[in-house]
Structures are given as structure tokens and as C-alpha cells.
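Working notes, beginning with the structure itself.
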Amino acid sequence: MEVKIGIARTSKYAMDYCGDSCDIAERPHGGISAVIADGQGNGLAAHHTSSWVVNKAVSLLADGARDGAVARAVHDYLYAMKDKKVSCTLTVLSADLETETVVISRNSNCPVIIKTPEYETVYDEEVGPIGVNRHMKPMMYEVPFEENMMVVSYTDGIAQAGRKRGGPQADFEKIMAIIRDNPAEDVDYVAKAILEYALEMDHEQASDDMTVVVMSILGQSQSGPKIEQISVTYPY
């Protein structure tokens, strides 16, 4: 079995800092998690918020904390440190090898999409961000591994692309078409294609920070040494 993750991100037009942050954590009992956060507002302040949230979540996951507990702990600290005045969305996508399930923790107004050869599921129930509501609870989902499963999440810069430009808003069905029309192994291409579609809706000038994360569960990996790979492109 093989897990692949693709991430594409861009900042709001004319902003030096992206208010979205994302990172990957290796789980101590096997597996990997992708963490995505969108800090309130834009620019450096939002970047500091989302970066802190992601770093804290990654540290807890690496220490063995369960996904739901991670969301609650990060919320409690943000709530206390920012005096319940700063919000942040948080989504954690985990491939847990111990349970052989995809675990999803969601505090975001954007959906998490699952596609397999057998079915499609969209998790989009209403849930609040972390940091402002004392009794926040994450929406939790757990789905058994399936070969060629693809899991997609993104921030609201994708969902709301086009809204501030006076034209049509991003069409969810167009995003679904990108997911449906590409194989599970093409995680980098799917992430970038969704981001490029959102930028097209914003006339190539992003009206908000944008991040797309795609995780796939593939079949048996090739025989021989197990080689882990990470590829990063960081424009400046």
C-alpha cells in the first residue's frame, strides 16, 4: 500500500504572506497526517495564527495524540491565548495504518470530499472554526481504506473564488469534475488543477488565500526498498 499527498497553495493577490498554512506529520504507530489551517483575515497576522495552529497540531500528532483530541487541544490554547477573539479553520486528514482507516477531523466551512472506484462522499455539515466558541467540537469521520481512494480538502479561498470579482463564483461541480476525471495517483496534478481553476475564476488575482490538499490511498507499492519521497516548490 502507498499513501500519496499533494498540496497546492497561493496567497491573496498582492500579499507577501499567505494566511493559510499546511504541513505533514508522521504518526508514531504508522501512517501520515496532513494538517490545513486558515487564519482569520489575511497577511502576516493570519499567517502567524495558521502557522501556530498547524505547528501545534503536527507536534501533538507526532506525540501520538488522537485526531479529535488534537483539534480540541489546539482550540483550547488558541481560545485562551487570543482571548476568544481570533478564529481559525482546521482540517486534519490522516491515513492511520494502525486502524487502516482515513480519519478526518474538520472545523471548516469547506467540505472534505472522498472518491473511490465505488462511491463518492461529500462531508459538508455545518461546523464552526476553532478559537472563538468555548464548547467547540470537531466533526469526525472514519472511513476504511480502499484501493485508489482520493480525499480532497481546501480552504474558503477556493470555494469563494470569483465572488469578489463580479463574475460567477466557483462551481462545486467543476471541482468535482476535476476529482472524477483524474486517477488517484495524480495527487499533485489534482491539487494544482483545482487551484488553477479557482485562480481562473478570480482572473488570476486571488481574492483570498487558497490551499488544496489531496490524499490518496493506492494499492500495493513496488517491491524493493521502501522509499519515502517529499517534493516541495516554494516560489519567492
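All of ASP38, ASP16, ASP76 fail the test of being farther than 20 Å from ALA95 by Cβ and in a strand (DSSP E or B), apart from ASP38.
Annotation note: of LEU60, LEU90, LEU44, the sole residue that is of a type in the set (A, V, I, L, M, F, W, C), part of a helix (DSSP H, G or I) and open to solvent by less than 60 Å² (accessible area, probe 1.4 Å) is LEU60. Candidates in segment 67-102 are the residues that are β-branched (Val, Ile, Thr) and under 21 Å from ASP156 (Cα atoms); of these, the one that is farthest from the chain's Cα centre (by Cα) is VAL86. Mind listing whichever residues of segment 131-150 are modelled with pLDDT of 95 or more, over 21 Å from GLY39 (Cβ atoms) and open to solvent by 20 Å² or more (accessible area, probe 1.4 Å)? If the condition is that a residue be modelled with pLDDT of 95 or more, over 21 Å from GLY39 (Cβ atoms) and open to solvent by 20 Å² or more (accessible area, probe 1.4 Å), then MET140, TYR141, GLU142, PRO144, PHE145, GLU146, GLU147, ASN148 are the ones that fit. Residues of segment 133-166 that are under 28 Å from SER87 (Cβ atoms) and either of a type in the set (Phe, Trp, Tyr) or out of contact with any strand residue (DSSP E or B) (no Cβ under 9 Å at 6 or more places or on another chain) (or both): ASN133, ARG134, HIS135, TYR141, TYR154, ALA159, GLN160, GLY162, ARG163, LYS164, ARG165, GLY166.
Within segment 201-236, being in contact with a Lys or Arg (Cβ under 8 Å, 6 or more places away or on another chain) and at positive phi holds for one residue alone: HIS203.
Screening segment 151-209 for helices (runs of 4 or more DSSP H) wholly inside it with 3 or more residues that are crowded, with 23+ Cβ neighbours inside 10 Å and out of contact with any helix residue (DSSP H, G or I) (no Cβ under 8 Å at 6 or more places or on another chain) returns no ranges.
The values are calculated or read from the model by the stated rules, or taken from the named source; none is laboratory data. These figures come from a predicted structure and were not determined experimentally. Cβ sites come from the backbone with ideal geometry, for glycine too, and all protein chains shown count toward neighbours. Protein only, heavy atoms only, side chains kept; ligands, DNA and RNA dropped before computing areas. Shrake-Rupley method; radii C 1.70, N 1.55, O 1.52, S 1.80 Å.
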